[in-house]
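Each remark here refers to the structure printed beneath this line.
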(Lines give C-alpha, C1' and ligand atoms only; values in the text may rest on other atoms or scores of the structure.)
Protein backbone atom coordinates (compact mmCIF):
# COMPACT_ATOMS: atom_id res chain seq x y z
CA UNK A 1 0.00 0.00 0.00
CA UNK A 2 2.82 2.33 0.97
CA UNK A 3 4.65 1.49 -2.27
CA UNK A 4 1.56 2.41 -4.33
CA UNK A 5 1.24 5.75 -2.50
CA UNK A 6 4.90 6.56 -3.06
CA UNK A 7 4.62 5.64 -6.75
CA UNK A 8 1.52 7.77 -7.13
CA UNK A 9 3.23 10.69 -5.38
CA UNK A 10 6.29 10.34 -7.64
CA UNK A 11 4.14 10.38 -10.77
CA UNK A 12 2.31 13.48 -9.56
CA UNK A 13 5.59 15.26 -8.83
CA UNK A 14 6.92 14.29 -12.28
CA UNK A 15 3.75 15.55 -13.97
CA UNK A 16 3.88 18.80 -12.01
CA UNK A 17 7.52 19.21 -13.02
CA UNK A 18 6.67 18.75 -16.69
CA UNK A 19 3.82 21.25 -16.52
CA UNK A 20 6.05 23.69 -14.65
CA UNK A 21 8.77 23.28 -17.23
CA UNK A 22 6.37 23.99 -20.09
CA UNK A 23 4.79 26.95 -18.31
CA UNK A 24 8.18 28.27 -17.22
CA UNK A 25 9.87 28.09 -20.64
CA UNK A 26 12.14 29.80 -21.52
CA UNK A 27 13.93 31.19 -18.49
CA UNK A 28 16.54 28.66 -17.38
CA UNK A 29 19.31 29.05 -19.94
CA UNK A 30 20.21 30.23 -23.42
CA UNK A 31 18.38 28.73 -26.39
CA UNK A 32 20.65 27.07 -28.94
CA UNK A 33 19.61 27.57 -32.57
CA UNK A 34 21.71 25.22 -34.70
CA UNK A 35 22.42 26.18 -38.31
CA UNK A 36 22.97 22.83 -40.03
CA UNK A 37 25.16 24.43 -42.72
CA UNK A 38 28.37 26.48 -42.40
CA UNK A 39 28.50 30.30 -42.36
CA UNK A 40 28.03 32.06 -45.68
CA UNK A 41 24.94 30.22 -46.89
CA UNK A 42 21.22 30.82 -46.64
CA UNK A 43 20.61 28.57 -43.62
CA UNK A 44 23.12 30.51 -41.54
CA UNK A 45 21.70 33.80 -42.80
CA UNK A 46 18.12 32.82 -41.91
CA UNK A 47 19.21 31.64 -38.46
CA UNK A 48 20.98 34.95 -37.82
CA UNK A 49 17.95 36.95 -38.92
CA UNK A 50 15.74 34.94 -36.55
CA UNK A 51 18.02 34.75 -33.50
CA UNK A 52 18.05 38.40 -32.32
CA UNK A 53 14.34 38.81 -33.07
CA UNK A 54 13.49 35.65 -31.10
CA UNK A 55 15.75 36.80 -28.29
CA UNK A 56 13.77 40.03 -28.02
CA UNK A 57 10.43 38.20 -28.28
CA UNK A 58 11.22 35.46 -25.76
CA UNK A 59 13.36 37.62 -23.49
CA UNK A 60 15.97 34.90 -23.40
CA UNK A 61 19.40 34.63 -25.04
CA UNK A 62 19.33 32.85 -28.41
CA UNK A 63 22.70 31.65 -29.71
CA UNK A 64 23.33 30.52 -33.30
CA UNK A 65 25.68 27.54 -33.54
CA UNK A 66 26.96 26.36 -36.92
CA UNK A 67 27.26 22.58 -37.16
CA UNK A 68 27.66 21.88 -40.87
CA UNK A 69 28.53 18.85 -42.90
CA UNK A 70 26.95 15.93 -44.79
CA UNK A 71 24.21 18.10 -46.36
CA UNK A 72 22.88 19.04 -42.95
CA UNK A 73 22.99 15.56 -41.37
CA UNK A 74 25.69 16.32 -38.77
CA UNK A 75 23.90 19.34 -37.36
CA UNK A 76 20.50 17.64 -37.53
CA UNK A 77 21.91 14.60 -35.72
CA UNK A 78 23.15 16.89 -32.93
CA UNK A 79 19.62 18.28 -32.69
CA UNK A 80 17.98 14.85 -32.76
CA UNK A 81 20.06 13.62 -29.82
CA UNK A 82 19.90 16.83 -27.76
CA UNK A 83 18.00 17.01 -24.49
CA UNK A 84 14.34 17.66 -25.44
CA UNK A 85 14.01 20.42 -22.87
CA UNK A 86 13.05 23.23 -25.25
CA UNK A 87 16.50 24.79 -25.37
CA UNK A 88 17.78 23.26 -28.62
CA UNK A 89 16.27 23.96 -32.05
CA UNK A 90 17.73 23.94 -35.56
CA UNK A 91 17.22 25.67 -38.89
CA UNK A 92 17.20 23.18 -41.79
CA UNK A 93 17.16 23.48 -45.56
CA UNK A 94 15.59 21.44 -48.37
CA UNK A 95 18.20 18.68 -47.97
CA UNK A 96 16.31 17.72 -44.80
CA UNK A 97 13.62 16.17 -46.99
CA UNK A 98 16.06 14.18 -49.15
CA UNK A 99 18.77 12.85 -46.83
CA UNK A 100 16.76 9.88 -45.61
CA UNK A 101 16.55 8.49 -49.16
CA UNK A 102 20.04 9.58 -50.16
CA UNK A 103 22.18 8.10 -47.42
CA UNK A 104 22.57 4.40 -46.67
CA UNK A 105 23.22 4.89 -42.96
CA UNK A 106 21.41 7.71 -41.20
CA UNK A 107 22.09 8.36 -37.49
CA UNK A 108 18.45 9.38 -36.99
CA UNK A 109 15.04 8.92 -38.58
CA UNK A 110 13.76 12.16 -40.10
CA UNK A 111 10.14 11.50 -39.13
CA UNK A 112 10.53 9.46 -35.93
CA UNK A 113 13.28 11.41 -34.16
CA UNK A 114 12.51 15.01 -35.11
CA UNK A 115 9.55 17.30 -34.51
CA UNK A 116 8.53 19.93 -37.05
CA UNK A 117 8.15 23.38 -35.45
CA UNK A 118 7.77 26.00 -38.20
CA UNK A 119 7.97 26.01 -41.99
CA UNK A 120 9.55 29.42 -42.52
CA UNK A 121 9.11 29.77 -46.28
CA UNK A 122 10.09 28.74 -49.77
CA UNK A 123 12.05 30.30 -52.59
CA UNK A 124 12.76 29.58 -56.23
CA UNK A 125 16.25 28.38 -56.86
CA UNK A 126 18.42 30.31 -59.25
CA UNK A 127 20.73 28.87 -61.87
CA UNK A 128 23.62 31.28 -62.51
CA UNK A 129 26.73 31.18 -64.66
CA UNK A 130 30.20 32.32 -63.68
CA UNK A 131 31.62 35.18 -65.68
CA UNK A 132 34.36 32.89 -67.00
CA UNK A 133 31.94 30.25 -68.34
CA UNK A 134 31.04 32.22 -71.47
CA UNK A 135 27.34 31.42 -70.92
CA UNK A 136 24.91 34.34 -70.83
CA UNK A 137 21.50 32.64 -71.03
CA UNK A 138 19.77 29.35 -70.21
CA UNK A 139 19.12 28.87 -73.93
CA UNK A 140 22.85 29.13 -74.63
CA UNK A 141 23.56 26.59 -71.90
CA UNK A 142 21.13 24.02 -73.30
CA UNK A 143 22.22 24.55 -76.90
CA UNK A 144 25.90 24.21 -76.03
CA UNK A 145 25.13 21.13 -73.96
CA UNK A 146 23.20 19.55 -76.86
CA UNK A 147 26.22 20.08 -79.10
CA UNK A 148 28.39 18.18 -76.65
CA UNK A 149 30.11 21.00 -74.76
CA UNK A 150 30.83 19.71 -71.22
CA UNK A 151 29.77 21.83 -68.25
CA UNK A 152 30.02 21.41 -64.52
CA UNK A 153 27.70 22.82 -61.89
CA UNK A 154 27.99 23.26 -58.15
CA UNK A 155 25.33 22.85 -55.47
CA UNK A 156 25.36 22.95 -51.69
CA UNK A 157 25.64 19.16 -51.62
CA UNK A 158 24.63 15.84 -53.06
CA UNK A 159 20.87 15.45 -52.76
CA UNK A 160 20.20 19.15 -52.32
CA UNK A 161 17.22 20.38 -54.33
CA UNK A 162 19.68 22.31 -56.50
CA UNK A 163 21.52 19.11 -57.34
CA UNK A 164 18.30 17.15 -57.97
CA UNK A 165 16.79 19.92 -60.12
CA UNK A 166 19.86 20.00 -62.36
CA UNK A 167 20.06 16.20 -62.43
CA UNK A 168 16.43 15.98 -63.57
CA UNK A 169 17.09 18.51 -66.35
CA UNK A 170 20.19 16.65 -67.48
CA UNK A 171 18.25 13.40 -67.57
CA UNK A 172 15.43 14.88 -69.67
CA UNK A 173 17.82 15.99 -72.42
CA UNK A 174 20.63 13.51 -71.88
CA UNK A 175 23.14 16.22 -71.05
CA UNK A 176 26.59 15.47 -69.65
CA UNK A 177 26.70 17.86 -66.70
CA UNK A 178 29.23 17.11 -63.98
CA UNK A 179 27.99 17.75 -60.45
CA UNK A 180 30.39 19.26 -57.91
CA UNK A 181 28.98 19.13 -54.34
CA UNK A 182 30.03 21.71 -51.74
CA UNK A 183 29.68 21.76 -47.96
CA UNK A 184 27.54 24.87 -48.10
CA UNK A 185 26.59 28.04 -49.93
CA UNK A 186 29.63 30.04 -48.89
CA UNK A 187 32.22 27.70 -50.48
CA UNK A 188 29.95 27.20 -53.51
CA UNK A 189 29.68 30.89 -54.30
CA UNK A 190 33.37 31.52 -53.61
CA UNK A 191 34.24 29.10 -56.42
CA UNK A 192 31.52 30.46 -58.70
CA UNK A 193 32.81 34.01 -58.28
CA UNK A 194 36.37 32.84 -58.94
CA UNK A 195 35.27 30.99 -62.08
CA UNK A 196 36.32 27.58 -60.77
CA UNK A 197 32.90 26.16 -61.73
CA UNK A 198 30.74 26.97 -64.73
CA UNK A 199 27.30 27.00 -63.12
CA UNK A 200 26.00 27.49 -59.60
CA UNK A 201 22.53 26.50 -58.45
CA UNK A 202 21.10 27.61 -55.14
CA UNK A 203 18.41 29.64 -53.47
CA UNK A 204 17.73 33.25 -54.44
CA UNK A 205 18.81 34.09 -50.90
CA UNK A 206 22.25 32.69 -51.68
CA UNK A 207 22.83 33.82 -55.27
CA UNK A 208 20.81 37.02 -55.77
CA UNK A 209 23.25 39.30 -53.87
CA UNK A 210 25.95 38.31 -56.39
CA UNK A 211 23.56 38.98 -59.28
CA UNK A 212 22.86 42.42 -57.82
CA UNK A 213 26.58 43.21 -57.84
CA UNK A 214 26.98 41.80 -61.39
CA UNK A 215 29.42 39.10 -60.33
CA UNK A 216 27.45 36.13 -61.76
CA UNK A 217 24.97 35.86 -64.65
CA UNK A 218 21.41 34.74 -63.83
CA UNK A 219 20.12 32.13 -66.29
CA UNK A 220 16.81 30.76 -64.99
CA UNK A 221 14.72 30.19 -61.87
CA UNK A 222 13.06 26.95 -60.82
CA UNK A 223 9.59 28.25 -59.89
CA UNK A 224 6.60 28.08 -62.32
CA UNK A 225 6.31 31.89 -62.35
CA UNK A 226 8.92 34.61 -62.66
CA UNK A 227 10.13 36.16 -59.43
CA UNK A 228 9.37 39.81 -58.67
CA UNK A 229 12.93 40.33 -57.46
CA UNK A 230 14.34 39.18 -60.83
CA UNK A 231 11.53 39.88 -63.33
CA UNK A 232 13.77 39.58 -66.40
CA UNK A 233 15.05 36.10 -65.52
CA UNK A 234 13.00 33.38 -67.26
CA UNK A 235 11.66 30.30 -65.54
CA UNK A 236 12.79 26.80 -66.49
CA UNK A 237 9.13 26.08 -67.18
CA UNK A 238 8.96 28.70 -69.93
CA UNK A 239 12.36 27.62 -71.26
CA UNK A 240 11.16 24.30 -72.59
CA UNK A 241 10.28 22.36 -69.42
CA UNK A 242 6.57 23.04 -68.72
CA UNK A 243 5.47 22.54 -65.14
CA UNK A 244 8.99 22.42 -63.72
CA UNK A 245 8.95 23.40 -60.04
CA UNK A 246 11.70 22.79 -57.48
CA UNK A 247 11.56 25.20 -54.52
CA UNK A 248 14.17 25.69 -51.86
CA UNK A 249 12.75 25.86 -48.34
CA UNK A 250 13.70 26.51 -44.72
CA UNK A 251 12.23 25.24 -41.47
CA UNK A 252 12.81 25.03 -37.73
CA UNK A 253 12.89 21.65 -36.00
CA UNK A 254 13.22 20.26 -32.47
CA UNK A 255 13.99 16.92 -30.77
CA UNK A 256 10.95 14.64 -31.06
CA UNK A 257 10.29 14.45 -27.29
CA UNK A 258 10.14 18.23 -26.84
CA UNK A 259 6.81 18.94 -25.21
CA UNK A 260 3.96 19.98 -27.53
CA UNK A 261 3.41 23.05 -25.34
CA UNK A 262 7.01 24.20 -25.82
CA UNK A 263 6.88 23.55 -29.56
CA UNK A 264 3.65 25.56 -29.76
CA UNK A 265 5.25 28.44 -27.85
CA UNK A 266 8.34 28.48 -30.06
CA UNK A 267 6.24 28.24 -33.20
CA UNK A 268 4.13 31.19 -32.07
CA UNK A 269 7.25 33.21 -31.26
CA UNK A 270 8.71 32.49 -34.72
CA UNK A 271 5.45 33.42 -36.43
CA UNK A 272 5.30 36.64 -34.42
CA UNK A 273 8.81 37.72 -35.44
CA UNK A 274 8.28 36.69 -39.08
CA UNK A 275 5.32 39.07 -39.21
CA UNK A 276 7.42 42.00 -38.04
CA UNK A 277 7.95 44.31 -41.07
CA UNK A 278 11.70 44.58 -40.60
CA UNK A 279 12.12 40.80 -40.43
CA UNK A 280 9.76 39.92 -43.27
CA UNK A 281 11.45 42.55 -45.46
CA UNK A 282 14.91 41.09 -44.84
CA UNK A 283 13.69 37.66 -45.95
CA UNK A 284 11.44 38.89 -48.78
CA UNK A 285 14.28 41.00 -50.20
CA UNK A 286 16.30 37.82 -50.61
CA UNK A 287 13.52 36.03 -52.47
CA UNK A 288 11.95 34.03 -49.62
CA UNK A 289 8.17 33.73 -49.77
CA UNK A 290 7.11 33.47 -46.14
CA UNK A 291 4.74 30.68 -45.11
CA UNK A 292 5.13 30.83 -41.31
CA UNK A 293 3.28 27.55 -40.93
CA UNK A 294 3.23 25.48 -37.75
CA UNK A 295 3.56 21.69 -37.41
CA UNK A 296 0.17 21.17 -39.05
CA UNK A 297 1.57 22.80 -42.23
CA UNK A 298 5.20 21.72 -41.96
CA UNK A 299 4.58 18.00 -41.39
CA UNK A 300 2.55 17.29 -44.57
CA UNK A 301 4.87 19.58 -46.58
CA UNK A 302 7.92 17.62 -45.41
CA UNK A 303 6.31 14.26 -46.12
CA UNK A 304 5.44 15.36 -49.66
CA UNK A 305 9.00 16.55 -50.27
CA UNK A 306 10.38 13.27 -48.95
CA UNK A 307 8.06 11.25 -51.18
CA UNK A 308 8.63 13.31 -54.35
CA UNK A 309 12.39 13.70 -54.24
CA UNK A 310 13.04 10.44 -52.41
CA UNK A 311 11.43 8.63 -55.34
CA UNK A 312 13.66 10.53 -57.81
CA UNK A 313 16.77 9.68 -55.77
CA UNK A 314 15.91 5.99 -55.60
CA UNK A 315 14.86 5.66 -59.25
CA UNK A 316 18.08 7.30 -60.43
CA UNK A 317 20.30 5.54 -57.91
CA UNK A 318 21.72 8.83 -56.63
CA UNK A 319 24.07 8.29 -53.72
CA UNK A 320 26.16 10.51 -51.52
CA UNK A 321 29.42 11.47 -53.28
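Selection of the range 124-149 for residues being part of a loop (DSSP other than H, G, I, E, B), crowded, with 16+ Cβ neighbours inside 10 Å and modelled with pLDDT of 95 or more yields 135, 137.
Of the residues 227, 284, which single one is more than 30 Å from residue 84 (Cβ to Cβ), in contact with a helix residue (DSSP H, G or I) (Cβ under 7 Å, 6 or more places away or on another chain) and either touching a residue at least 12 places away in the same chain (Cβ under 8 Å) or assigned by TED's automatic domain parsing to the domain that holds residue 96 (or both)?
Just one listed residue meets the conditions, 227.
Here the range 80-96 is the region considered, the condition is being modelled with pLDDT of 95 or more and either over 24 Å from residue 259 (Cα atoms) or crowded, with 24+ Cβ neighbours inside 10 Å (or both), and the residue that is farthest from the chain's Cα centre (by Cα) is 80.
Let's see how each residue does on (1) more than 17 Å from residue 167 (Cβ to Cβ); (2) over 17 Å from the mean Cα position of the chain (by Cα):
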residue: 242; (1), (2): yes, yes
residue: 253; (1), (2): yes, no
residue: 262; (1), (2): yes, yes
residue: 274; (1), (2): yes, no
residue: 277; (1), (2): yes, yes
residue: 307; (1), (2): yes, no
residue: 312; (1), (2): no, yes
residue: 318; (1), (2): no, yes
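Of all the residues in the range 248-263, those that are surrounded by fewer than 19 Cβ atoms within 10 Å (Cβ to Cβ) and touching a strand residue (DSSP E or B) at 6+ places or on another chain (Cβ under 9 Å) number 3. Among the conditions (1) in a strand (DSSP E or B); (2) crowded, with 24+ Cβ neighbours inside 10 Å, residue 121 misses just one, which is (2). Pick from the range 150-173 the residues that are assigned to a loop (DSSP other than H, G, I, E, B) and in contact with a helix residue (DSSP H, G or I) (Cβ under 9 Å, 6 or more places away or on another chain): which of them is farthest from residue 195 (Cα to Cα)? For the range 150-173, the residue satisfying everything is 159. When you check residue 279 against the structure, is it within 17 Å of residue 121 (Cβ to Cβ), part of a helix (DSSP H, G or I) and assigned by TED's automatic domain parsing to the domain that holds residue 153, yes or no? Taking the combined requirement at face value, the residue does not satisfy it.
The values are calculated or read from the model by the stated rules, or taken from the named source; none is laboratory data. Note that this is a predicted model, so its numbers are computed, not measured. Positions of Cβ are backbone-derived with ideal geometry, glycine not excepted, and every protein chain shown enters the neighbour counts.
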